[in-house]
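To start, the structure itself, in structure tokens.
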Amino acid sequence: MITSRRPSTLLALVVCAGIAAGAPGQTACNIPDDVARSRNISESDRTLIRDCVNNNRAALAAEYDAVRRARVAMLAPLRVSGVSIEFRAAYSAEAERAIAPLVRSERDDVAINALRIAGELGTEQGARLCAAALADKRPGVRMMAAAGLARTFSILHSDATMTAQQIVRVLSDLAQAARSEPDPLVLDGLAMTYEAAFGLPTSTSELAQARNRALLDAATEFGKRARDGKLGPEAVPAMLRISLSLREPVLNSPPPPANVLREVSGMAGDFLAHVLRRTSARDVGETERAQLGVLVAQSENLVSFAARGLNAAYAPRNLSELVASGRDTDFARRALDVIGAEGELTKQPFGHPRDRFVR
């Protein structure tokens with residue numbers, strides 16, 4: 001089965017940029033592991049943090065090898081097992097002052113390196129730097145900004161380093177980026193960022209609302225992108241990734257709120273309409289056809305799962321087999337039973353406009 005690219009372009013960018021743990025020639029930061037784990041950061045501990053950042057500040061904007069060594073040194077304290085939230089906060093306050101100007105550097109390697117550090121901070125300061133860089137003119141920088149945010153969200157799975165309000169502000173920037181991102185590879189990176197956001201904890205009602213906001217934004221923005229008719233074959237991996245990553249949260253018990261489930265079903269319908277347009281164009285290559293078949297299967301699954309959460313039922317039409325086998329006329333006919341003006345998605349409990357998918 002062809003799915004979105006798990007060994008993602010983000011990972012490729014990270015490797016190409018030289019972001020690898022344990023690189024040789026590190027500039028040591030003399031911060032003991034017990035300080036990184038401490039929940040009571042003393043003034044002497046803050047001095048160690050300050051020295052770590054200051055000793056590497058100049059190197060972060062120097063020649064490539066020095067940049068790499070400085071990055072590895074600054075990340076080392078954050079890679080200690082059991083890093084405390086208090087240490088992250090103290091470390092982030094110092095590091096942010098050093099890397100904030102570098103995120104806007106005209107040198108790609110310097111900006112990308114700074115964003116890598118920002119994402120590993122796992123704090124609001126680092127997340128805001130990454131979020132702002134989603135609007136950078138350079139695709140490689142935007143890609144690393146997405147990767148940095150994904151890493152921050154991953155840290156939030158276990159460490160409450162940001163409030164729900166702070167998370168929502170970052171999600172607003174992420175939604176804006178998904179709404180306007182022109183590069184299909186970066187769009188795939190944004191889908192990966194959302195995938196990490198879907199793992200946010202729901203231990204409080206505020207955090208649960210933030211997570212639901214991520215689900216709603218992802219379905220809304222990716223649905224709009226499919227609906228505007230401008231996404232080509234290169235964007236299918238992003239659509240595959242977001243449809244697959246929505247599966248688990250939609251299946252959660254209890255399910256997401258009804259408005260989220262309806263929007264997920266709408267996005268799935270938008271994806272089916274995208275496949276209908278592409279197969280009607282009759283210029284679909286073998287690789288794209290295989291991907292579109294998987295996209296149809298994942299989209300039908302989402303409709304079925306959303307229906308279940310809405311206390312209804314949807315019987316899949318096995319539309320993916322028609323696409324994969326090239327039976328485009330049959331696919332078009334059966335797809336309209338789902339996304340046409342009288343299709344299931346225009347009826348309750350979904351209730352989407354009659355002309356949302358096919359005009």
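The values are calculated or read from the model by the stated rules, or taken from the named source; none is laboratory data. Since the structure is predicted, the reported quantities are computational estimates derived from the model, not experimental observations. Quick reminder, even Gly has a Cβ in these numbers, built from the backbone with ideal geometry, and neighbours come from all protein chains shown.
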Q | Options A89, A135; residue that is more than 19 Å from the chain's Cα centre (by Cα), surrounded by fewer than 23 Cβ atoms within 10 Å (Cβ to Cβ), on the phi < 0 side of the Ramachandran plot and among the aliphatic types (A, V, I, L, M) | A | A89
Q: Please state which one of L102, L129, L115 is part of a helix (DSSP H, G or I), farther than 21 Å from A196 by Cβ and either in contact with a Gly (Cβ under 9 Å, 6 or more places away or on another chain) or not β-branched (V, I, T) (or both).
A: L102
Q | Residue satisfying all of: in the stretch 93-112; within 18 Å of L48 (Cβ to Cβ) and touching a residue at least 40 places away in the same chain (Cβ under 8 Å); surrounded by the fewest Cβ atoms within 10 Å (Cβ to Cβ) among these | A | R97
Q. What number of residues within the stretch 113-142 are touching a residue at least 24 places away in the same chain (Cβ under 8 Å) and either touching a strand residue (DSSP E or B) at 6+ places or on another chain (Cβ under 7 Å) or among the charged types (D, E, K, R) (or both)?
A. 7
(Q) Condition (residue is of a type in the set (F, W, Y), in contact with a Gly (Cβ under 8 Å, 6 or more places away or on another chain) and either at pLDDT below 95 or surrounded by 14 or more Cβ atoms within 10 Å (Cβ to Cβ) (or both)) applied to the stretch 63-86: is it met by at least one residue? (A) yes
Q) Can you pull out the residues in the stretch 238-263 that are closer than 21 Å to A315 by Cβ and in contact with a Phe, Trp or Tyr (Cβ under 8 Å, 6 or more places away or on another chain)? A) S243, L246, R247, V250, L251, R262
Q.
Given the options N301, N311, N318, N252, name the one that is under 22 Å from the mean Cα position of the chain (by Cα), within 26 Å of A341 (Cβ to Cβ) and not aliphatic (A, V, I, L, M).
A. N301
**Q.** Selection status of A145, out of contact with any Lys or Arg (no Cβ under 7 Å at 6 or more places or on another chain), without any contact (Cβ under 8 Å) to a residue 40 or more places away in the chain and part of a helix (DSSP H, G or I)
**A.** yes
